[in-house]
Amino acid sequence: MSTEVFLNEFAEISEHPYRILSQYKKEGKKVIGVLPYYAPAELVVAAGMVPMGIWGSNKKTIAHAKEYCATFYCTIAQLALEMLLDGTLDQLDGLITPTICDTLRPMSQNFRVAMEGKLPCIFLAHPQQRKPAFGLQFTMDQYQHIKTELEKIAGKTITDDDLRAAIKVMNKNRAARRAFVQLANEHCDVISAVKRSAVLRAAWFMEPAAYAEKLEALNADLAKLPAADWKGKKIVTSGIICDNPKLLQIFDDNKIAIAADDVAQESRAFRVDASEEGDPMMALAQQFADQDYDILLYDEHSEQNRRADFVVDKIKKSGAQGLVLFMQQFCDPEEMEYPYLKKALNDAGVPHIKLGIDQQMRDFGQASTAIQAFADVLALQK
């Protein structure tokens, strides 16, 4: 199968994710919706079900969800609820609602009330202090609760062997994505910003094992190609999400390739694997504890500005000339961190722009002007 065929298949799934939901249901599979992020997909896989990510929608308009949401909730959360209310996600068998930020925390109860009697909603509370022993125990207790609720939906007991097998599947899945982002940087003449996003976005909708197998095949094809003789510029992207093809097309039109990312929906989600040894539930708790350099997670060394330094280091190592921050409207953690990130970028002499985005955006004129101007700035970099 050619590289272009693989890319087209990923693009089709990314563009029409809920067609594959219908396909799973026709095959008799149960599907669990998973809201962003750091939810243990391994538990869903171990139960013999399919985890399906819910990251809002670039195509829908908020209508029904307004009855349940404060106006300052981000559109990712509001549109997730909109799809649950308008029937888009009627075929789900359950929903995991993490509380990783100040919007998802109260929204978890909005989901529960809105879906009462229609869909089991499983609440997941993450500890702020995730690294000490008591934090690990809290995470394990939460995961045990999720395990129990998933067993009710699946109609089966999740054994330790089931969970170990699922960890191996998800580790393979994450490894394939890490390899892909590196290959995408090396072959940015083939993997445009739009195509890169589609491949990574498809991971949230496909069965993890099937996705890993297909992506490994694409990676093998890319590895055979000569490295790109790229005449354009390269950037690192950062933010919660940047998956709108119309917005990303502007980068492609200006010959700006994505060398790497610090995006929640992308690389932040597959940086850390779970141990395949020992107690599998502890391995998942430890995996969450090992997550670092994410503004949504507590950092006891935050005064050292470690996350900003991590982003600057990623820019340098990837060969990028600058950074584009996709600032999700009403995302308080990202907005509060920006001054610290900006200082680190300025100190390192890294040019950057901050683009305000929203999943209700339909007009990209201002974004296009800003990106074109940024392309001119990057052209001046050595």
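The values are calculated or read from the model by the stated rules, or taken from the named source; none is laboratory data. For clarity, every value in this text was computed on a predicted model and none was experimentally measured. Heads up, the Cβs are rebuilt from the backbone with ideal geometry, glycines too, and the neighbour counts pull from every protein chain shown.
Side notes on the structure shown:
- Every listed requirement among (1) crowded, with 17+ Cβ neighbours inside 10 Å; (2) within 27 Å of Asn173 (Cα to Cα) is met by Gly319 save one, (1).
- Where helices (runs of 4 or more DSSP H) sit wholly within the stretch 67-172, those with at least 2 residues that are buried (at least 18 other Cβ atoms within 10 Å of the Cβ), out of contact with any helix residue (DSSP H, G or I) (no Cβ under 6 Å at 6 or more places or on another chain) and of a type in the set (S, T, N, Q) occupy 104-114.
- If you check Asp290, Asp299 for being over 21 Å from Cys74 (Cβ atoms), modelled with pLDDT of 90 or more and surrounded by fewer than 17 Cβ atoms within 10 Å (Cβ to Cβ), only one passes: Asp290.
- Meets criteria (over 23 Å from Gln142 (Cβ atoms), hydrophobic (A, V, I, L, M, F, W, C) and at pLDDT below 90) for Phe72: yes
- Scanning the stretch 4-28 for residues that are basic (Lys, Arg) and without any contact (Cβ under 8 Å) to a residue 24 or more places away in the chain turns up Arg19, Lys26.
- Which numbered condition Asp363 fails, given (1) acidic (Asp, Glu); (2) touching a strand residue (DSSP E or B) at 6+ places or on another chain (Cβ under 9 Å); (3) assigned to a loop (DSSP other than H, G, I, E, B): (2)
- Taking the criterion of being without any contact (Cβ under 8 Å) to a residue 12 or more places away in the chain, among the hydroxyl-bearing types (Ser, Thr, Tyr) and closer than 20 Å to Tyr38 by Cα, the only residue of the stretch 139-198 that qualifies is Thr148.
- Test result for Pro51, under 20 Å from Ile153 (Cβ atoms), within 22 Å of the chain's Cα centre (by Cα) and either outside any helix (DSSP H, G or I) or not polar (S, T, N, Q) (or both): yes
- Contacts under 6 angstrom Cβ, first residue in the stretch 203-224 being under 25 Å from Leu21 (Cα atoms) and at pLDDT 95 or above, partner surrounded by 16 or more Cβ atoms within 10 Å (Cβ to Cβ) and of a type in the set (Lys, Arg), 6 or more apart: Ala212/Lys172
- Count of residues meeting criterion [farther than 11 Å from Ala176 by Cα and part of a helix (DSSP H, G or I)] in the stretch 201-221: 4
- Within the stretch 332-363, considering residues that are among the β-branched types (Val, Ile, Thr) and either more than 24 Å from the chain's Cα centre (by Cα) or at pLDDT 90 or above (or both), the one nearest to Ala320 (Cα to Cα): Val350
- Any chance Thr61 is more than 15 Å from Ala39 (Cβ to Cβ), out of contact with any strand residue (DSSP E or B) (no Cβ under 7 Å at 6 or more places or on another chain), polar (S, T, N, Q) and surrounded by fewer than 20 Cβ atoms within 10 Å (Cβ to Cβ): yes
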